[in-house]
Each structure stands twice: as C-alpha cells, then as structure tokens.
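Asker: Below you will find the structure I want to go over with you.
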Amino acid sequence: MPEPTALRILVVNGKGGCGKTTIATNLAAAYAHRGYPVALSDYDAQASSSQWHEQRPAQLSDIRLIASHQRTAMYTTRSYQLRVPPETQRIVIDTPSAVGDRDLDTLLRGVHAVLVPILPSSIDIRAGTRFIAQLLLHRSYRARRPPVGVIANRVRENTHSHAKLMQFLRSLNIPTVATFVDCSLYTRLAEEGTGIFEDELGAAMARETHEWNNLLRWIDGAAERGSQQALPPRAATSPRAQEPRTATDAHREAHPAGV
Ligand SMILES: Nc1ncnc2c1ncn2[C@@H]1O[C@H](COP(=O)(O)OP(=O)(O)OP(=O)(O)O)[C@@H](O)[C@H]1O
Ligand SMILES: [Mg+2]
C-alpha cells in the first residue's frame, strides 16, 4: 500500500503530447534534488517516464519507479505491484493520453493535487477544455475535489497562440500555476534522465526555474488546502448535470462556493 502521508500529484490531460511526461519527470527530479524520497508512477503503456528513469545517472538522487502500466504478474497482488517504500514523501503520477472515466476512478484515488498541462494551439485548447470538464464532473473528483492547476506548456511569448492560450486560461476559473517556455533543454533532459534543477543552467533560464519553484510551492499549498476543503460527495446529480459543458460551467458546479 502507498505510504498514506505521501503527497500524490497527478499529471493528466486527455490530449497527447502536451507535456505530461516532461512535467512528471521534472517534478520527480526536482523533489529528489530537494532530498525528498520520491516515487514516479508510470501509468502510460508507452512507458516514456520509465525510459527516462532508465537513463537516469546513478550518481543523482534516487527515484523509485512504479511501472503501474504493467499488468500484475501471476502470484502478485496489484497493491504489491504498486507499493512504494514506506518513507516515500512525494508520488508523481504520469498518465496516458487516453483516459476514460474508469481510469480517472483509479488515477484520482488519494490524489492531493492535479496538474493539467496545455499547449498553446487551438486544437490543444479545445481538447484541454473538454478534458477539464470531464475531470471536474467526474464522480471521483467531486467526492474529494483535490485542487486543480493548469500549466501552460511550450509557450513562445508574444505570439498569437500564446495570447490565445492566456485568454483561455483566464476564462477558466482554474489557476494557471506555471508557464513553461518551448525550449530544447527539455528534450535533452528527457534523453538524459535528469531534471531542470540538476542541470547547469545559464542565467537565461532563471525565469524558468522561478516558474518551477512557484509550481512546487503551489503543490504544497494545494495539498494543505485540499485537506481542509475535502467535502462529502454531493447528492446524485440530475441527468442534465452530467452532460458535458464548458470547463467553466463544470468548475462552477464542482465548486459552488467559488473555491
Ligand atoms: N516546454 C517544452 N519545451 C520543449 N519541448 C517540450 C516541452 N515540453 C515537452 N516537450 C517535448 O514535447 C514532446 C511531448 O512531450 P511529452 O512526452 O512530455 O508529452 P506527453 O503529454 O507525455 O505525451 P504523451 O501523451 O504521448 O504521453 C517531447 O518530445 C518533449 O521533449
Ligand atoms: Mg507521456
């Protein structure tokens, strides 16, 4: 069984290629770099996080990989397969691009913060909106309502697509908790099994590390707020309430008090 005091951070979005693995691996590496015992749980059969972990240099802080996408072996229980060391304090969960309602039941279990990366393109914004609506209306989400933060990823400042993404994010009523630039550094870190804080960064990347520090702070705060605002499940919703709507409508319904 996972250690109950560990913070669980879910990185999820139904849209492929938006940066889930990049953010999950960099987050795991950031925690390891700060000295937290950390586990990286890879639910994606593509196993990109697992491949990143394989490349990780032995001299860097250890990260425990949980290959959650693998089928449970014979004579082994699922909870044994997904176990993390008892001293684990941070569990970062990377997810596949196609997540259905049943997957969300599993992925949202015990989660303290949910991160949704979105790329600045019309297609990604539309898919992100649909996904956030699906998330906020999901029964497992509504049972505990862990804080959700959007991450604007691969942003090129002062472009039309950047402006469009920022306008969309402002309309959401969900905080944008980090903005990461489009930078080849991330591709290199992915190949090397490392994270942004483990690299020798020039001054040009100071703003990027600032964004990562803000994200880490938001997650800590979200975990605290989440434990305070956890509410009992609401009464069964009407059929109308289950229809997919905009992410903003879904947010209002999930957070009637405007939290
Ligand atoms: N901020 C960034 N700057 C530059 N490249 C990035 C950035 N974020 C992600 N990438 C690159 O974009 C590609 C897709 O990113 P990533 O694999 O993290 O997305 P994903 O959401 O996990 O994709 P999938 O849905 O296939 O699992 C990768 O090649 C990654 O290195
Ligand atoms: Mg991935």
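Asker: For residue 201 paired with residue 79, estimate the spin-label separation in nm (one decimal), with each label point 7 Å from Cα along the Cα-to-Cβ line.
Answerer: 4.0
Asker: Also, quick follow-up: If the only charges are +1 at each Lys and Arg Cβ and -1 at each Asp and Glu Cβ, what is the size of the charge dipole of the range 97-194 around the Cα centre, to the nearest 20 debye?
Answerer: Result for the range 97-194 is approximately 440 debye, rounded to the nearest 20.
Asker: Could you sort 97-107, 145-155 so that the peptide with the highest average Cβ count within 10 Å comes first and the rest follow in order?
Answerer: Peptide ranking by packing, descending: 145-155, 97-107.
Asker: In 10 Å bins starting at zero, report the fraction of Cα pairs in the range 1-129 per bin as a rounded %.
Answerer: That works out to 13, 44, 33, 9, 1, in percent per bin.
Asker: Among the GluC sites (Glu not before Pro) in the range 102-208, which ones are in a DSSP loop with at most 15 other Cβ atoms within 10 Å of the Cβ? Mind listing them?
Answerer: 157, 200
Asker: Next question, about the same structure. Fewest to most neighbouring Cβ within 10 Å: what's the order for 48, 79?
Answerer: 79, 48
Asker: At 0.36 nm per residue, minus the direct Cα-Cα distance, what do residue 176 and residue 54 gain on full extension? Give it in nm, one decimal, please.
Answerer: Net length gain for the segment: 40.8 nm.
Asker: Given a Förster radius of 25 Å and the C-beta distance between residue 209 and residue 121 as r, what FRET efficiency does 1/(1 + (r/R0)^6) yield to the nearest 0.05?
Answerer: The value I calculate is 0.45.
Asker: Using R₀ = 25 Å, calculate the FRET efficiency as 1/(1 + (r/R₀)^6) where r is the Cβ-Cβ separation of residue 72 and residue 98; round to 0.05.
Answerer: About 0.75, to the nearest 0.05.
Asker: Arranged by the count of other C-beta atoms within 10 angstrom, fewest first, what order do 220, 182, 42, 124 take?
Answerer: Lowest count first: 220, 182, 124, 42.
Asker: What chymotrypsin sites (Phe, Trp or Tyr not before Pro) in the range 46-86 are in a loop by DSSP, with at most 12 other Cβ atoms within 10 Å of the Cβ?
Answerer: Counting only loop positions with at most 12 other Cβ atoms within 10 Å, the chymotrypsin sites (Phe, Trp or Tyr not before Pro) in the range 46-86 are 75.
Asker: Could you work out how far the C-alpha centroid of the range 107-123 sits from that of the range 1-45, in angstrom?
Answerer: 12
Asker: Now a separate question. Could you calculate the FRET efficiency of residue 46 with residue 224 from 1/(1 + (r/R0)^6), where r is the beta carbon distance between them and R0 is 41 Å, rounded to 0.05?
Answerer: Computed FRET efficiency for residue 46 and residue 224: 0.80.
Asker: Quote the charge dipole size of the range 7-254 about the Cα centre in Debye, to the nearest 20; the model charges only the Cβ of Lys and Arg (+1) and of Asp and Glu (-1).
Answerer: I would put it at about 1060 debye.
Asker: What does the charge count around residue 67 come to, taking other residues whose C-beta lies under 13 Å from its C-beta (Lys +1, Arg +1, Asp -1, Glu -1)?
Answerer: 0
Asker: Please report, in whole Å³, the volume per residue of the convex hull around the C-alpha atoms of the range 7-254.
Answerer: 133
Since every read-out is calculated from the coordinates, none of them should be taken as a lab result. As the structure is a prediction and not an experimental result, all values here were calculated from the model. Ideal geometry is used to build each Cβ from the backbone, glycine not excepted, and the neighbour counts take in all protein chains shown.
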